[in-house]
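As structure tokens, the structure follows; a few thoughts come after it.
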Amino acid sequence: MIVYGVNCTWWDSMDMVGLSESGMPGCPKCGGLLAEIESEDRWWELVELYDIKYHTGYRDMVEWSRGRCFDFGKKSAVQVLQDEYEAHR
């Protein structure tokens, strides 16, 4: 299973999950709420689809972002990832 941040860009496998302040599973970096996708295959299928339809290079950016937490606040998660990815290239 793949889990990902609801309010941050963190994503990884379920065994990498941390705990929130309340003791519930959360992002290991910021403790934020997580959502889940049933399998890594489904995760990459959705990433590929987004790469093809909306944002060429998205898969490379998502691969780079694994395990990284960036709060996206008022921006979109994709915009924050793109800004951070470009800054670190």
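Residues of the range 32-73 that are of a type in the set (Asp, Glu) and touching a strand residue (DSSP E or B) at 6+ places or on another chain (Cβ under 6 Å): 36, 40, 71. Among the residues of the range 69-89, those identified as charged (D, E, K, R), at pLDDT below 85 and surrounded by fewer than 16 Cβ atoms within 10 Å (Cβ to Cβ) are 74, 75, 89. Residues being farther than 19 Å from residue 80 by Cα and of a type in the set (Gly, Ala, Ser) are represented in the range 7-17 by at least one member. Against the condition within 17 Å of residue 6 (Cβ to Cβ) and in a helix (DSSP H, G or I), how does residue 81 come out, does it pass? Yes, satisfied.
Conditions tested, residue by residue: (1) of a type in the set (S, T, N, Q); (2) more than 12 Å from the chain's Cα centre (by Cα).
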{"residue": "19", "(1), (2)": "no, yes"}
{"residue": "22", "(1), (2)": "yes, yes"}
{"residue": "51", "(1), (2)": "no, yes"}
{"residue": "69", "(1), (2)": "no, no"}
{"residue": "77", "(1), (2)": "no, no"}
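Among the residues of the range 40-68, the ones that are in a loop (DSSP other than H, G, I, E, B) and either of a type in the set (D, E, K, R) or modelled with pLDDT of 95 or more (or both) come to 3 in all. For the range 7-27, a tally of residues being surrounded by 14 or more Cβ atoms within 10 Å (Cβ to Cβ) and without any contact (Cβ under 8 Å) to a residue 40 or more places away in the chain returns 5. Taken together, the criteria exclude residue 65 from residues that are surrounded by fewer than 16 Cβ atoms within 10 Å (Cβ to Cβ), within 23 Å of residue 15 (Cβ to Cβ) and hydroxyl-bearing (Ser, Thr, Tyr).
If you go through the range 29-39 and keep only what is crowded, with 16+ Cβ neighbours inside 10 Å and either small (Gly, Ala, Ser) or more than 13 Å from residue 2 (Cβ to Cβ) (or both), you end up with 29, 30, 31, 32.
The values are calculated or read from the model by the stated rules, or taken from the named source; none is laboratory data. What you are looking at is a predicted structure, and each value in this text was computed from that prediction instead of being measured. So basically every Cβ, Gly included, is an ideal-geometry build from the backbone, and we count neighbours across all protein chains shown.
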